[in-house]
Structures are given as structure tokens and as C-alpha cells.
1. For the stretch 116-176, what's the relative contact order in percent, using C-alpha pairs closer than 8 Å and at least 6 residues apart?
2. Which residues in the stretch 127-151 have a backbone N closer than 17 Å to a point placed 7 Å from the Cα of VAL185 along the Cα-to-Cβ line?
3. Leaving ligands, DNA and RNA out of it, work out the accessible area of TRP301 with a 1.4 Å probe and give it in Å² to the nearest 10.
4. From the square roots a ≥ b ≥ c of the eigenvalues of the alpha-carbon gyration tensor of the stretch 93-201, which class results: rounded (a/c under 1.5), prolate (a/b over b/c), or oblate?
5. Give me the percent relative contact order of the stretch 203-313, please, defined on Cα pairs under 8 angstrom at least 6 residues apart.
6. If I stretch the segment between ARG255 and LEU217 completely, what's the gain in nm (0.36 nm per residue apart, minus their alpha carbon distance), one decimal?
7. I need the phi-derived Karplus couplings for the stretch 267-281: 6.51 cos²θ - 1.76 cosθ + 1.60, θ = phi - 60°, integer Hz, Gly and Pro marked x.
8. Taking θ = phi - 60°, what integer Hz values does the Karplus form 6.51 cos²θ - 1.76 cosθ + 1.60 yield along the stretch 247-261, in sequence order, with x for Gly and Pro?
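The values are calculated or read from the model by the stated rules, or taken from the named source; none is laboratory data. Note that this is a predicted model, so its numbers are computed, not measured. Every residue, glycine among them, receives a Cβ derived from its backbone with ideal geometry; neighbour counts consider all protein chains shown. Note: areas computed on protein heavy atoms with side chains; ligands, DNA, RNA excluded. Shrake-Rupley method; radii C 1.70, N 1.55, O 1.52, S 1.80 Å.
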Amino acid sequence: MSDHDDIITEDFFPEDGAEASQPASPPVAIDGKTVWRVKIMYSSATEFCEQPAGIEVKIGDMVVVPTRYGNELGRVLGRETDSAEITGELRSIVRVATQPDLLKVEENDTREDRAFEVCREKIEARGLSMKLVSAHYILDEQKILFFFTAENRVDFRELVKDLVTVFKTRIELRQIGVRDEARVVGGLGICGRALCCNAVTDRLRPVSIKMAKEQNLTLNSMKISGPCGRLLCCLSYEFDVYKEARQALPGMGTRVHYDGEEFKVTDMNVLARRLRFQGESGRVLDVGFDSLSRNPQTQAWELHVRAGGEGDK
């Protein structure tokens, strides 16, 4: 048995991409083969897979596909229509999952519970500074993967020997980051819905504080951070919508003359498509985006709201 893998960087799922539904446009063909997005069930990562001759699949099918760790069970999300989206190695579907495959995965789920408890006990016994995240049995191999988080590099060689003694099989330990931990384990976000990284998107995109500012969110870290302690994933994939909408609107604090008074932008709700203006007298206007335009000659913003009408407070 060979020595086991060293520490992996935080984004340890290299084959990622966005979930896709059945597109109306023709699928991409590489060497005459259709390419599918397949979501790996245990990790929420995506594999881009060719459909070999003799294998027929459709959206929603459970299939067995190769990953960097071994063959795994995945769900077909849809056809890939843009070759530029394909990242990582293009793999090939091994087979449509059979009943024995599904039964083995169910059996492995039970075995993983025991493996997790045993590994956690061994970690505590050796006093290692690491947090065990999950244990996973590879579908077509005699191998158990243990994922953990730690602030520093951990020498887990003796731990591996302990686990081999108990399970009599190949053992691999992988260090992951806190975002990957949330992605594997899942849970609920502050919105009350399933974590985006686990249930919505299969790509860990970079997130910055600028994205929160662009969406006019409070910069309270408790409100814009997920259970992992990092900025919310949804800030990233909603950012483009806000950025595009704001490009056609005045910025915060922009001053506009209306009805003999100067108003300035004090609030903006992109999703509701509304702007709030406050005048020097304290008068407030809450108007829709359609009530605002830019004068083509002076390039000044103009309001088109009837006094005492929509949004006049």
C-alpha cells in the first residue's frame, strides 16, 4: 500500500461548472459524442462526461462516472451546449447506474457513519488538530476517503496506520477548506433555504466585499456570511444582475432637479426596480426605474413624476 495523498488546496473539486437544465439548442459534440453535465452525489461537484456509444441517458438519470478519486454515482443535469464552459478533464460515462449500484451506495452510507465515528475517535486519541468533515466509500474500489479541515498542515501518517488496522483497506485523507466543508456537508443558510454551494451551484466562485456593496447590502459580517464564515456564495452569482442594472442608473448620492427642488438618490432596490430620492425639504420620492431618464443633450438625469402622484410622500 502506497503512502497517502498530501494536503489539498481549498478548491479541491477541480471539475466544476453551473447546473444546467435541458437546453433547446443543439448539444455540443466532441468527436461526435454528446457531452453531459453530471453532478456527483457525495460532493456536489460536476463532471463533464461524454456519452459512449451503446449507452443512452437522459436528464435525471443516475449514472456511474469516473472522478479523480474513482468511479462515483452522479445525476445527469443536462447537455452542455457551450464548449467554453467545459473545465477539467472530459470523462466518459461508465454505465447507467444499476440496482446493485444503488444498493451498494445505500449500504456504503451506513458504513460511512461507522467509519466517521472510528476516525474521529482516533483523531481525539492522538490529539491531532484537525476537524473531521466526512467519510466516503468509493463505489467501485476498496477505498475510504476521509475529508478534514485544519488551520495548519497535519502529519496524519500514524492516523492512517490506525485506520488501515481497523478497516483493512486503502485509506486516503484529504484536507479541504471551510467552503468545501459546507459544500460537502450541506445545511441551511440565513435565508432558510439549502446552501447554494450544495444545492444550487456546483462552482465555488470567488466572492468579494465589493459584490455586497454593489448590491447595497449592509456590511455586517453576520448578515453577509454563510455558515462557513465566508461571504455568501449568492453574492457572486447575483452580482452580474445588479451590476448590469446599475450601469443604466444614477449612482447613490446623485443629485436630480425636480419640481423646483434638488433631490438625491438615497436608496436603490434593483430587484423591485425602484429608486428613492430625498429632497432638501425632506420630501421623499419613491419611484420606478421607468420614471427616470438621461437628457441626451445635457446628460443630466431627469425625473418624470407627477407632483403628488406615484411615490410622492
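1. 34 percent
2. Only 129-136, 146-151 pass the distance filter.
3. Near enough 40 Å² of accessible area.
4. Note, shape of the stretch 93-201 comes out oblate.
5. Values: 144 pairs, mean separation 17.9, N = 111.
This gives 16 percent for the stretch 203-313.
6. Net length gain for the segment: 11.5 nm.
7. Computed from phi, the couplings for the stretch 267-281 are 7, 9, 10, 5, 5, 7, 6, 9, 10, 10, 10, 10, x, 5, 7 Hz.
8. Karplus values, whole Hz, x for Gly and Pro: 4, 9, 10, x, x, 4, x, 4, 9, 9, 8, 8, 6, x, 9.
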